[in-house]
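Okay, so here's the structure we're looking at.
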Amino acid sequence: MTNEAYQKIVELISLAAQKGALKKAVLSKSTDTANVKCTLTLRHVGGKTVLQAETLRADNKALHQNIAPDDISRIGEVACDWAQINLITTLGDCELRSSKKGKVTLLGGDKLSRALAENDAPCAKIESNNREKNYILSGNEPFLKLLDVSDESGRVRDKRQSKFRQINRFLELIRDCLSHLPSEGTLRICDLCCGKSYLSFAAYHYFTEVLGRDVRMTGVDLKPDVVAYCNEVAQKLNFNGLEFLHGDVNKYECDEHVHLIISLHACDIATDFVLNKATEWQADVILSTPCCHHEMNHTIDCEALSFITEHSMLRQKLCDAATDALRLKRLEACGYTVCALELIDPEETPKNIMLRALKRRNFDPASTEAKRLQEEYLAAKAFLVGDKKVSF
């Protein structure tokens, strides 16, 4: 393989696999019309960890081959037949695109390379060749029964299957971040704009019951009836380290260091309020799934993108992506390694983007790098909204 971009992404796939950070690499747009898609994942096979390539053929057959994670030559042989490669890891993503004219571009490669080199990679879950899905939760947990996700026998209700998958996926994302949280002592966690708090109860259960950790956790929300209900559920479960407070996230103050901040579907600029608090407190890990993105839709002012913004549906899609991208740029400028992850299958909910930020060790806010990151964020914001005052 002679193309530099292809060589680079092959090396990144190999490195991510060797570090256990590889979630999957999806190869599409094959030069061979008989091939539809190829997916590379880590698997336990015969007592060894291998990179398994599953190629879906046009005749609906699937071909498999197992590759040693450090075998760059064989990974390259697989990769060279595809015009698009999306590499997804626990430390971020990158994408290779090859045009019909033969121009090859690697997006996010340098950033992912730095992240893999500078950080302890949270390990991705590695499946065995047995295809049965192993969830962190079984459905029999008391909090799931009390929240009516499961019935009294522990069977997940048919109408709550997607919620059950969402909760489990969220816990998997927390598990990916454990190396960035203290391994001893009391964990301080906040769920800001917590709503009905499915994730609060799930996270508290995971840390206390599964991992055996001591936790102090606070959920904050503006709806008094929801807060009262959540406190009642916490008392019934004897979750003594979990409390819910009625109040404005902007005005909530915590008198101790917060290790983990979570937030699910905080509406519009409420997500920015959450991220503002998280960076103000210098939380170690931030996991936030935004909901709607109205503010950018009302304030975007970019002549270069007018060919998109003149179409209302495309304008909204652009604003969704641009808002979250700006949020990540701001978190990066505040000293975090950032990425956007898929929380759950988009067929189940379009609100499926998880913004993850991991506090960088020894980040110097006065450094040249920090100033450059801040300038990049401000330039991106000015490009999109000019000098308008916005929340993101």
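The values are calculated or read from the model by the stated rules, or taken from the named source; none is laboratory data. Remember, it's a predicted structure, so these values are computed and weren't measured experimentally. Cβ sites come from the backbone with ideal geometry, for glycine too, and all protein chains shown count toward neighbours. Side chains are part of the model used for accessible areas, which takes the heavy atoms of the whole protein and leaves out ligands, DNA and RNA. Shrake-Rupley method; radii C 1.70, N 1.55, O 1.52, S 1.80 Å.
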Explain nothing, just the number: relative contact order of the range 24-124, from Cα pairs under 8 Å at least 6 residues apart, as a whole percent. 21
For Cα pairs less than 8 Å apart in space and 6+ apart in sequence, what is the mean separation divided by the residue count of the range 263-392, i.e. the relative contact order in percent? 31
So residue 158 and residue 48, fully extended at 0.36 nm per residue minus their Cα-Cα distance, gain in nm 35.9 nm
Given the chain, what percent of its DSSP beta bridges are antiparallel, to the nearest 5? 70
Cα-based shape type of the range 122-264, given that a ≥ b ≥ c are square roots of the gyration tensor eigenvalues and the cut on a/c is 1.5: oblate
For the chain, what's the relative contact order in percent, using C-alpha pairs closer than 8 Å and at least 6 residues apart? 11
Over 30 Å (Cα to Cα) among 111/223; 196/359; 23/317; 277/388; 251/388 -> 111/223
Under 1.5 on a/c is rounded, so check that first for the chain, then, if it is not, pick prolate when a/b is larger than b/c and oblate when it is not; a ≥ b ≥ c are the square roots of the alpha carbon gyration tensor eigenvalues. oblate
Please report how far the C-alpha centroid of the range 220-263 lies from that of the range 66-114, rounded to the nearest whole angstrom. 43
Let's see if you can work this out: charge +1 on each Lys and Arg Cβ, -1 on each Asp and Glu Cβ, no other charges. What is the dipole magnitude of the range 131-251 about its Cα centre, in debye to the nearest 20? 380
Mind giving me the nanometre distance, one decimal, between the label points for residue 298 and residue 246, set 7 Å out from Cα along Cα→Cβ? 2.7
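Express the carbon and sulfur contribution to the solvent-accessible surface of the range 129-219 as a percent, rounded to the nearest whole number, probe 1.4 angstrom.
Values: 1750 of 3980 Å².
That fraction is 44 percent.
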Amide H neighbours of residue 49 at under 5 Å, excluding residues fewer than 5 places away on the same chain, with H built from the backbone geometry, are none
Length gained when the stretch residue 118-residue 3 is fully extended (0.36 nm per residue, less Cα-Cα span): 38.8 nm
What fraction of the DSSP beta bridges in the range 228-365 is antiparallel, stated in percent and rounded to the nearest 5? 65
Amide proton proximity set for residue 245, modelled H, under 5 Å, gap of 5+: 219, 220, 221
Under 18 Å between alpha carbons, and skipping anything fewer than 8 positions from residue 163 in its own chain: which aspartates and glutamates qualify? 141, 148, 151, 152, 172, 191, 342, 345, 347, 348
Would you mind computing, in nm to one decimal, how far apart the modelled labels at residue 387 and residue 183 are, each placed 7 Å from Cα along Cα→Cβ? 5.2
Amide H to amide H, which residues 5 or more places from residue 353 or on other chains are under 5 Å from it, using H placed in the peptide plane? 343
